Amino acid sequence: MLILAKAAMAMMLGFVLAIASGLVFIPLLKRLHFGQMVSREINSRHLLKEGTPTMGGIIFIFPVILSLILLYINGSIEISYNIIILVFVFLAYAALGGFDDYMIIKYKTNAGLSLVTKFLLQTIIALIFFYLHMRSGGSSTLDFTALGISLPLGWMFGIFILFLLVGTTNAVNITDGLDGLAGGLSAIAFLAYGIISWNCGWLEGYQEIAIFCFLIVGALLGFLVYNSHPARVFMGDLGSLSLGSALATIAILTRHELSLAIIGGVFVIETLSSFIQIISIRHFNKKVFLKAPLHHHFEELKWNENDIVKLFYVVGLLLAMAAITYGVWL
């Protein structure tokens, strides 16, 4: 019962602070003219969203960090290498995404930071992650218990960290194309990893990682109050990169990397739809989807935006429940 009480408290704290943060940051973003630029290639309905404040990820990032500080001061949580790694990656990717958003807004182009610069900065983050992970006694062996496979990677584990961070952040970023879509799916994913983390009693700081997950679930629910259709604010790269990086980090720390592909199954499907579309057009000069990623395909079929989001939520929840069942119960 204590676990349930802590989880409920964390979600409530994250939610309340996110609601308050929205009341402060949305007017500030409007005053700074941090408006979203919409590509003309996307469905024409999206042109109505141009100018909506972006960089709204601060609405859930700030409450999570503030809550962790308050809980530490109160003696409710302890500091471990693993929570340091998680918070570091979360904030580092938030800074990377925020700077990318700023460049887009400043120069009024969708280019942002160059791919080389992004990859270089992400490599540095992954190297620091790897260093702290090994210093804390973490394993560099990749275990797929479902398949009965163990791969001792040694220094190549750092490359694996980079691969998972880059892949997950891009997947969440690609999915962030409809009001409330990436935020809701991320809340479901973090809820799943919160439950899984609390079952990892062997992991140093496992309770703090679980509390982080539940804090961000609550904060994302608060963010969705402002981000649900019609959205009053977008999370931007500031939000999507921080969410993706945190999911990947928790998957690695809890040694549930394979579960990430299931828990974040909708993110994977969205990314694959874009990849398939690109390959099909470049090599066969044909479209597999009316428009990619997949949520835009449904838009081209004249689906209502809320209906698409609800469908993706249901699929994400079913996949998350399947991953929890295997990762915790079976």
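Restricting L164, L224 to those that are surrounded by fewer than 24 Cβ atoms within 10 Å (Cβ to Cβ) and under 30 Å from N306 (Cβ atoms) reduces the list to L224. Anything in the range 241-264 that is among the polar types (S, T, N, Q), more than 12 Å from the chain's Cα centre (by Cα) and part of a helix (DSSP H, G or I)? List them, or say none. Result: S259, single match.
Against the test of being assigned to a loop (DSSP other than H, G, I, E, B), crowded, with 18+ Cβ neighbours inside 10 Å and touching a helix residue (DSSP H, G or I) at 6+ places or on another chain (Cβ under 7 Å), the options M55, M37 yield a single qualifying residue, M55. With respect to the numbered conditions (1) touching a Leu at 6+ places or on another chain (Cβ under 8 Å); (2) surrounded by fewer than 18 Cβ atoms within 10 Å (Cβ to Cβ), which one is the sole condition not fulfilled by I250? (2) is the only condition that I250 fails. Considering each residue of the range 85-97 in turn, none proves to be over 24 Å from A171 (Cα atoms) and either surrounded by 14 or more Cβ atoms within 10 Å (Cβ to Cβ) or of a type in the set (D, E, K, R) (or both). Residue check: L113 meets all listed conditions (1) in a helix (DSSP H, G or I); (2) under 18 Å from G244 (Cβ atoms) but one, namely (1). For the range 206-224, the criterion of being within 17 Å of the chain's Cα centre (by Cα) and without any contact (Cβ under 8 Å) to a residue 12 or more places away in the chain is met by no residue. Is it the case that the range 137-155 has a residue that's in a helix (DSSP H, G or I) and either among the small types (G, A, S) or modelled with pLDDT of 90 or more (or both)? No, the range 137-155 contains no residue that is in a helix (DSSP H, G or I) and either among the small types (G, A, S) or modelled with pLDDT of 90 or more (or both).
Of everything in the range 70-94 that's more than 23 Å from the chain's Cα centre (by Cα) and of a type in the set (S, T, Y), which residue is nearest to A7 (Cα to Cα)? Here the answer is S76. Among the residues of the range 266-307, just one is within 21 Å of A189 (Cβ to Cβ) and in a loop (DSSP other than H, G, I, E, B), namely P293. If you go through the range 58-82 and pick out every residue that is polar (S, T, N, Q) and outside any loop (DSSP other than H, G, I, E, B), you end up with 2.
A count restricted to the range 236-260 and to residues that are closer than 19 Å to C200 by Cα, of a type outside the set (S, T, N, Q) and touching a helix residue (DSSP H, G or I) at 6+ places or on another chain (Cβ under 7 Å) stands at 10.
Considering (1) touching a Cys at 6+ places or on another chain (Cβ under 8 Å); (2) more than 30 Å from C213 (Cβ to Cβ), the lone condition that W303 does not fulfil carries the number (1). For first residues located in the range 127-141 and in contact (Cβ under 8 Å) with a residue 40 or more places away in the chain, partners that are exposed (fewer than 15 other Cβ atoms within 10 Å of the Cβ) and lie 6+ apart or on another chain with Cβ distances below 9 Å form the pairs L132/I84; H133/S139; S136/I84; S139/P152. Answer yes or no as to whether G183 is in a helix (DSSP H, G or I), farther than 26 Å from V116 by Cβ and not polar (S, T, N, Q). Considered against the rule, which asks whether it is in a helix (DSSP H, G or I), farther than 26 Å from V116 by Cβ and not polar (S, T, N, Q), G183 comes out as yes. For the range 104-127, the condition holds for no residue, the condition being that it is in contact with a helix residue (DSSP H, G or I) (Cβ under 7 Å, 6 or more places away or on another chain), at positive phi and at pLDDT 90 or above.
Taken residue by residue, the range 59-78 has no member that is farther than 28 Å from Q207 by Cα and of a type in the set (D, E, K, R).
The values are calculated or read from the model by the stated rules, or taken from the named source; none is laboratory data. This structure is a prediction, so every number in the text was calculated from the model and none was measured. Virtual Cβ from ideal backbone geometry, glycine too; neighbours counted across all protein chains shown.
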